[in-house]
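Novice: One structure, pasted below without further comment.
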Amino acid sequence: MIHKIHRYSRASYNGFVGAEWIISITILLLVVSVGQASLQRYTSNHYALQSYARELALSLKEAQLNNMMGRITNESLRSVLIKTHSYEHRSSSKAVPNTRVELPSHIVIIGGTGEVFFNGNGLPDQLTRIILEDTITKEKVQVIIAVQTGRIRCDMTGVG
């Protein structure tokens with residue numbers, strides 16, 4: 001009879017260990033899933049900021065190339081007007097409407113608003129640095145136009 005009590009107590013002890021393992025694994029999975037949700041939001045904002053910076057750089061490059069080639073067509077992009085929450089492609093003809101690109105609500109341009117012109121050599125007129133910021137993650141990306149060479153690049157390392 002003592003032997004049966006001993007087995008019963010050992011069986012209940014093993015049951016408690018199993019329950020503890022199940023609870024600890026559940027808590028661990030819960031913590032990992034919460035962390036993954038916040039990480040996913042950060043990465044989606046990060047990629048959105050980078051893609052809009054690259055899109056802006058490509059628009060600037062298109063305006064630069066059109067001015068360098070001296071294209072005077074109805075569709076040619078001549079300048080880019082940069083505002084806080086959007087930027088606008090300016091064409092050389094009044095017949096073609098200007099195209100406006102709206103940025104998402106969490107991405108703003110905090111530095112370098114104004115109109116960007118390029119001369120016939122592809123050099124910028126005045127504006128040489130445009131800073132985009134994600135208001136949620138506070139991450140910043142800058143689009144830089146080199147004054148002497150006209151090279152347009154995105155600095156994804158952020159702004160110091």
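Novice: Just to check your reading of the model, which residue among Lys83, Lys94, Lys4 is at pLDDT 90 or above and either under 28 Å from Ile136 (Cα atoms) or of a type in the set (D, E, K, R) (or both)?
Specialist: Numbers: Lys94 fails: at pLDDT 90 or above; Lys4 fails: at pLDDT 90 or above.
Within the list Lys83, Lys94, Lys4, the selection yields Lys83.
Novice: Hey, another quick one. Which residue, of Arg153, Arg129, is in contact (Cβ under 8 Å) with a residue 40 or more places away in the chain and among the basic types (Lys, Arg)?
Specialist: Unique residue meeting the criteria: Arg153.
Novice: All but one of (1) at pLDDT 85 or above; (2) loosely packed, with under 13 Cβ neighbours inside 10 Å; (3) in a helix (DSSP H, G or I) hold for Leu60; which doesn't?
Specialist: Every condition holds for Leu60 apart from (2).
Novice: Then there's this: For the stretch 128-160: of the residues being among the small types (Gly, Ala, Ser) and either within 16 Å of Ile110 (Cβ to Cβ) or touching a Gly at 6+ places or on another chain (Cβ under 6 Å) (or both), which is surrounded by the most Cβ atoms within 10 Å (Cβ to Cβ)?
Specialist: Gly150
Novice: State all residues of the stretch 63-78 that are crowded, with 16+ Cβ neighbours inside 10 Å and either at pLDDT 65 or above or hydroxyl-bearing (Ser, Thr, Tyr) (or both); if no residue qualifies, say none.
Specialist: Residues satisfying the conditions are Ala63, Gln64, Asn66, Asn67, Ser76, Arg78.
Novice: For residues that are in contact (Cβ under 8 Å) with a residue 40 or more places away in the chain and of a type in the set (A, V, I, L, M, F, W, C), scanning just the stretch 101-126, find the one that is surrounded by the fewest Cβ atoms within 10 Å (Cβ to Cβ).
Specialist: If we take residues in the stretch 101-126 being in contact (Cβ under 8 Å) with a residue 40 or more places away in the chain and of a type in the set (A, V, I, L, M, F, W, C), then Val101 is surrounded by the fewest Cβ atoms within 10 Å (Cβ to Cβ).
The values are calculated or read from the model by the stated rules, or taken from the named source; none is laboratory data. For clarity, every value in this text was computed on a predicted model and none was experimentally measured. No Cβ is skipped: glycine too gets one built from the backbone with ideal geometry, and neighbour counts run over all protein chains shown.
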